[in-house]
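Asker: Here's a structure for you.
The values are calculated or read from the model by the stated rules, or taken from the named source; none is laboratory data. Everything quoted here is computed from the prediction, not taken from an experiment. Glycine gets a Cβ as well: all are built from the backbone with ideal geometry, and neighbour counts include every protein chain shown. All accessible areas refer to the heavy atoms of the entire protein, side chains included, with ligands and DNA or RNA removed. Shrake-Rupley method; radii C 1.70, N 1.55, O 1.52, S 1.80 Å.
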Amino acid sequence: MSILNNEQIELKAKEYLEELLAKEEPIKPRDRMKIPPQTMPHQDEFARRHNLDEVALGLTMEQARIEAMRCLQCVKKTCVADCPVQIDIPRFIGYVAEGDMQGAADEIKKVSLLPSICGRVCPQETQCQQNCAVGKGLKDVDKAVTIGRLERFVADWERATGNIRIPEVKPDTGKKVAVVGSGPAGLVVAADVRREGHRVTIFEAFHKLGGVMRYGIPEFRLPNDIIDQEIDTLAKMGVEFRTNYVVGRTRKLMDLINKDGYDAVFIGTGAGLPMFMGIDGENLVGVFSANEYLTRANLMRAFDREHADTPIYNSKNVAVLGGGNVAMDAARMAVRLGAEKVYVVYRRTEKEMPARVEEVAHAKEEGIEFRFLQNAKRIIGDGNGRVKALECLRYELGEPDESGRRRPVVIPDSEFILNVDTVLVSIGNGSNPLISQTTPELNVNKWGNIIVDEKQKTSVDRIYAGGDIVLGAATVILAMGEGRKAAAAINDLLASN
Ligand SMILES: Cc1cc2nc3c(=O)[nH]c(=O)nc-3n(C[C@H](O)[C@H](O)[C@H](O)COP(=O)(O)OP(=O)(O)OC[C@H]3O[C@@H](n4cnc5c(N)ncnc54)[C@H](O)[C@@H]3O)c2cc1C
């Protein structure tokens, strides 16, 4: 099968859309099932290894309409039920099929504040697209209607018009709400609470806003100007921002209520504390948490070796330990930072890998080598404190564990050496204990996650929490969903007193 280049993809879609529109009868469901899934244009797989530009280029207008015509407009909307914020997916897709992009944008924005972000980073294949009737009918989840790409298309279309609608803000109530952390959970709370006319200040520890969307997820997946635009919308709504402000250090959490006069506080501080393997050699020079590596690259612009305040380590052979989205981002960033060989070392098989399918495919295209059923035993130094190699063990899969995934079982005496000068540890993140340690009244579980009730209220009156600090490292859309619930509870609280 020949692979089309981006221009050919565009041309083919134009011709095909004309054919579909020329039909006089409405398209029957069985004919919709025959419409081919649209291929997303991408940046060339060799060129992109040397730049940080976005890899996926987005569907064209014609492709978006064709893809939307694949939707069967089911009566039982499984896609909506599987969407954590319950966008009316068939309805917005119906607008796209008709070419009414503003109608589609308005429909999505009724419930989702960050569609250009969710369209890019949500794990749709395990959410809205998972039970799509088209994918089920074709017996292939990869052939489901690509809801995420359509969401992205609509949001990008609206952005390109330069005419972003700023949500209406009700008259000033005089009430003040503090939001701690500017990740997706905090941004959603800020928008929803501000809409009701309450004053909102976001306190952020870093010098830039956006949380993991800015410092974790690289620009080749989520460009910064998209985050900037979302923040700009909040600023235009009147939300205030205090950066370089570490709650728990710059000011104690309870002082925001007791001394600064905030009527409610939302904690959305995420899960930024990296976990390590606890193996020998993890303190060698050349070992990083994937979080640190990505933060240095994304936030501190460390790839700009001549100008950056903290240039990044110059690596030749890199091993990334882990198989989630963070591992994929770290591996793909290492390629862009000039590594010649990048391995992803994962102790289960590809089937159990938690990373998004699209990211794994992109990583493979970029030359990253996957070492499945292997794991690090120890990191070996060169005698001068620097990484020289990784000693690994081979695994096989045993019985399923409590998560339902088959447990990796070590094969005795299977040690082997992988020659690397850099190791990026990406085996998960825990919650940062700063706020809980300086706020003893706040109940947390054994992992340090804040305990909340069904309305996201913590053990302390007027204090709410949501996102990764409650869920543990999760997803953007789940953080947004929790933010939405917390904002509703805060709005109720402030309406009643
Ligand atoms: C590299 C990487 C890739 C990912 N890829 C995906 C993906 O493809 N799809 C997906 O859905 N999810 C992905 N995730 C997960 C997703 O980004 C998170 O689940 C989500 O950002 C959590 O949102 P949040 O608002 O809870 O917290 P965060 O986004 O973590 O934001 C928390 C903010 O609070 C600030 N903060 C922390 N402590 C304090 C304090 N004491 N005072 C003031 N501010 C503070 C932090 O600096 C940060 O800006 C990824 C995560 C990482 C790390």
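Asker: Suppose the chain between E98 and E15 were pulled fully straight at 0.36 nm per residue; how much longer would it get relative to their current alpha carbon spacing?
Answerer: 28.2 nm
Asker: Round to the nearest 10 and report in Å² the accessible area of E45, as given by a 1.4 Å probe over the protein chains' heavy atoms.
Answerer: 70
Asker: Can you tell me, using C-alpha contacts under 8 Å and at least 6 residues apart, the relative contact order of segment 305-454 as a whole percent?
Answerer: Numbers: 276 pairs, mean separation 33.8, N = 150.
Computed value for segment 305-454: 23 percent relative contact order.
Asker: Full extension from R242 to R301: what is 0.36 nm times the residue separation minus their Cα-Cα distance, to one decimal in nm?
Answerer: Full-extension gain reported as 19.1 nm.
Asker: Could you list log10 I(q)/I(0) for segment 276-427 at q = 0.09, 0.15 Å⁻¹, which the Debye formula gives when each Cα is one point scatterer?
Answerer: These q points yield log10 I(q)/I(0) values of -0.27, -0.75.
Asker: Quick one: Cα centre-to-centre distance for segment 237-262 and segment 391-416, in angstrom?
Answerer: Using only Cα atoms, the two centres lie 46 Å from each other.
Asker: Sum up the charges of everything whose Cβ sits under 14 Å from the Cβ of R301, counting Lys and Arg as +1 and Asp and Glu as -1, but leave R301 out.
Answerer: +1
Asker: Still on this structure: When a/c is below 1.5 the answer is rounded, else prolate if a/b is larger than b/c, else oblate, so apply that to the chain with a ≥ b ≥ c taken from the square roots of the Cα gyration tensor eigenvalues.
Answerer: On the way: a/c = 1.68, a/b = 1.04, b/c = 1.62.
Oblate shape, in that a/c is at least 1.5 and b/c is the bigger or equal ratio.
Asker: Right, here's the next one. Using a basic spin-label model with each label point 7 Å from the Cα along Cα→Cβ, how many nm lie between V75 and A22?
Answerer: So the label points at V75 and A22 sit 3.5 nm apart.
Asker: Reachable lysines from K377, Cα under 17 Å, same-chain residues fewer than 8 places away excluded?
Answerer: K388
Asker: Then there is this: May I ask what percent, to the nearest 5, of DSSP beta bridges between residues of the chain are antiparallel?
Answerer: Bridges in the chain that DSSP calls antiparallel: roughly 35 percent.
Asker: Let me ask you something else. Got a number for the accessible area of F241? Probe 1.4 Å, square angstrom, nearest 10.
Answerer: 60
Asker: A further question follows. Count the net charge of all other residues whose Cβ sits under 9 Å from the Cβ of T243, scoring Lys and Arg as +1 and Asp and Glu as -1.
Answerer: +1
Asker: With +1 on each Lys and Arg Cβ and -1 on each Asp and Glu Cβ, and nothing else charged, work out how big the dipole of the chain is about its Cα centre, in Debye to the nearest 20.
Answerer: Rounded to the nearest 20 debye, it is 760 debye.
Asker: Which order do you get for E391, E358 if you rank them by accessible area with a 1.4 Å probe, largest at the top?
Answerer: Result of the area sort, largest leading: E358, E391.
Asker: Right, next: Residue farthest toward the positive end of the dipole of segment 395-471, with Cβ of Lys/Arg at +1 and Asp/Glu at -1: which of S426, I463, T438?
Answerer: Of the candidates, I463 comes out farthest on the positive side.
Asker: Stretch D53-I417 to full length: gain in nm at 0.36 nm per residue minus the Cα-Cα span?
Answerer: Result for the pair: 127.6 nm of gain on full extension.
Asker: Further question: First obtain the Kirkwood hydrodynamic radius of segment 373-435 from its Cα pairs, then insert it into the Stokes-Einstein equation at 37 °C and 0.692 mPa s, and state the resulting D in µm² per second as a whole number.
Answerer: D = 234 µm²/s.
Asker: May I ask you to list the lysines whose Cα is less than 30 Å away from that of K457, ignoring any residue fewer than eight positions away on the same chain?
Answerer: Answer for K457, where 30 Å is the Cα cut-off: K109, K110, K170, K175, K176, K208, K236, K252, K259, K446, K485, listed by chain and number.
Asker: Once each part is reduced to its C-alpha centroid, what is the distance from segment 84-121 to segment 456-497 in angstrom?
Answerer: 24
Asker: Using only the Cα atoms, what convex hull volume per residue in Å³ does segment 1-106 have?
Answerer: Measuring per residue, one finds 151 Å³ for the Cα hull of segment 1-106.
Asker: Say the cut-off is 30 Å between C-alpha atoms; which of K364/K455; K136/K351; K12/K341 go over it?
Answerer: Listed pairs above 30 Å: K364/K455; K12/K341.
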